[in-house]
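The next block holds one structure in the form of structure tokens; read it before the comments.
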Amino acid sequence: MNTDYLDPINSLNMPEMADMTFAMDFLLRAKEGVRNLSIALTETASPDVRALLRNHLKQGIAMHQEITELMIRKKWFHPYELNEQYQLDQLSAKNTLMIGQMNLFPDDTSRKGMFDRTPDEHIGGHKA
């Protein structure tokens, strides 16, 4: 494992993994919102408040469905293929552990000497 977080190779597939992570978090938040609205609906006596909560509940369920469909379409979520979902969860756990083991605050962050020439050396910039 390369623990150098500044090495560009470590950013390979990172945008896709970030999108998948954000979508899963959004899905969980939508689910949590539906659950909380359901509880609030059962605890409310006012007809006006019940109507408002019922409307929000319908919107929350619709949003949860949209996020789920997006994640299935992008192959970020496999609710009907448990073996595939398990493999995806294992990969996610492995990546999380790898990121957690990275030295995000190394003692030496200098990149001096990593490049064999200056960007403008081909036009005589090194003489300046």
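With the simple model of a label 7 Å out from the Cα in the direction of the Cβ, residue 17 to residue 61 spans 3.7 nm.
Which trypsin sites (Lys or Arg not before Pro) in segment 2-105 sit in a loop by DSSP (not H, G, I, E or B) and have at most 12 other Cβ atoms within 10 Å of their own Cβ?
Within segment 2-105, the qualifying trypsin sites (Lys or Arg not before Pro) (loop, at most 12 other Cβ atoms within 10 Å) are 74, 75.
In segment 12-92, Cα pairs under 8 Å separated by at least six residues give a relative contact order of 30 percent. Along the axis of the charge dipole computed for segment 24-72 (Cβ charges of +1 for Lys and Arg, -1 for Asp and Glu, origin at the Cα centre), the listed residues 59, 42, 70 are led at the positive end by 42. The fraction of Cα-Cα pairs per 10 angstrom bin, counted from 0 for segment 12-70, comes to 23, 39, 22, 11, 4, 0 percent, rounded to whole percents. The accessible area of residue 64, taken with all protein chains in place and a 1.4 Å probe, comes to roughly 50 Å².
The values are calculated or read from the model by the stated rules, or taken from the named source; none is laboratory data. Since the model is a prediction, treat every value here as computed from it, not as a measurement. Reconstructed Cβ throughout: ideal geometry from the backbone, glycine too, with neighbour counts over all protein chains shown. These area figures cover heavy atoms from the full protein model, side chains too; ligands, DNA and RNA do not enter into them. Shrake-Rupley method; radii C 1.70, N 1.55, O 1.52, S 1.80 Å.
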